[in-house]
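*Asks:* The structure under discussion is supplied below as structure tokens; questions concerning it will follow.
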Amino acid sequence: KNNMSRNNTIYRERQNFLTWRLYLLLISVFTSGLYSGWYNIDTLKQADSLKDISWGLIVSVLICLLILLTRLHSRLDTEGIHVRFSPFMWKDKTWRWEDISEVYVKKYSPWEYGGWGYRLSGAGTAYSTKGNYGIQLVLKKRGRRILIGTQNPEEIKRVLTQFKLKDDATKN
């Protein structure tokens with residue numbers, strides 16, 4: 001079933017959190033950490049200071065790796081809309097077309113959802129990495145709202161229009 005839906009892919013997008021601002025922030029944090037360690041080389045002779053600096057470096061590296069490895073995968077196919085937010089979600093989350101009452105491209109503020117990432121808020125559930133455009137889903141069941149970030153809003157609009165035309169033609 002998954003192989004069949006992958007062969008019928010209409011649109012696929014892969015995103016990450018990386019922007020020039022984030023690169024700049026990561027470089028400055030890393031550089032300041034190195035400078036701090038080098039500047040305080042005399043205090044490194046004390047065992048506690050070495051342990052504190054080591055834990056700080058380990059945590060910093062792990063946070064940087066997490067940011068660098070996080071990916072949002074979205075896919076539209078004949079089955080529905082699929083999303084996976086690795087490394088947090090190992091399997092695709094799928095919303096079938098027949099379970100969606102509305103789907104459209106929405107310009108949004110990340111603060112509606114409490115920032116970027118996987119978010120649960122009063123506005124609904126959001127999967128986003130950067131930017132301010134997303135695929136807005138309104139589900140038939142309880143009117144739940146899902147927002148999936150996109151970096152290609154015009155392409156998504158085109159794909160959704162084509163899919164809607166195909167769907168209308170099969171109903172007639």
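The values are calculated or read from the model by the stated rules, or taken from the named source; none is laboratory data. From a predicted model like this one, the values you see are computed outputs, not experimental measurements. Protein only, heavy atoms only, side chains kept; ligands, DNA and RNA dropped before computing areas. Shrake-Rupley method; radii C 1.70, N 1.55, O 1.52, S 1.80 Å.
*Asks:* Kindly report the accessible area of region 73-172 per residue (heavy atoms of protein chains, probe 1.4 Å, no ligands, DNA or RNA), in Å².
*Replies:* 56 Å²
*Asks:* Still on this structure, please answer the following. What accessible area, in Å² to the nearest ten, does a 1.4 Å probe give for ARG144?
*Replies:* We get 90 Å² for ARG144.
*Asks:* Of the accessible area of region 67-172, with the probe set at 1.4 angstrom, what percent is carbon plus sulfur?
*Replies:* Carbon and sulfur together cover 54 percent of it.
*Asks:* As a test of reading the structure, rank GLU154, GLU13 by solvent-accessible area (1.4 Å probe, protein chains only), most first.
*Replies:* Largest to smallest exposure gives the sequence GLU154, GLU13.
*Asks:* So, one more: Can you flag which of LYS106/LYS130; LYS107/LYS141; LYS107/LYS164 are past 18 Å Cα-Cα?
*Replies:* Violating the 18 Å Cα-Cα cut-off are LYS107/LYS141; LYS107/LYS164.
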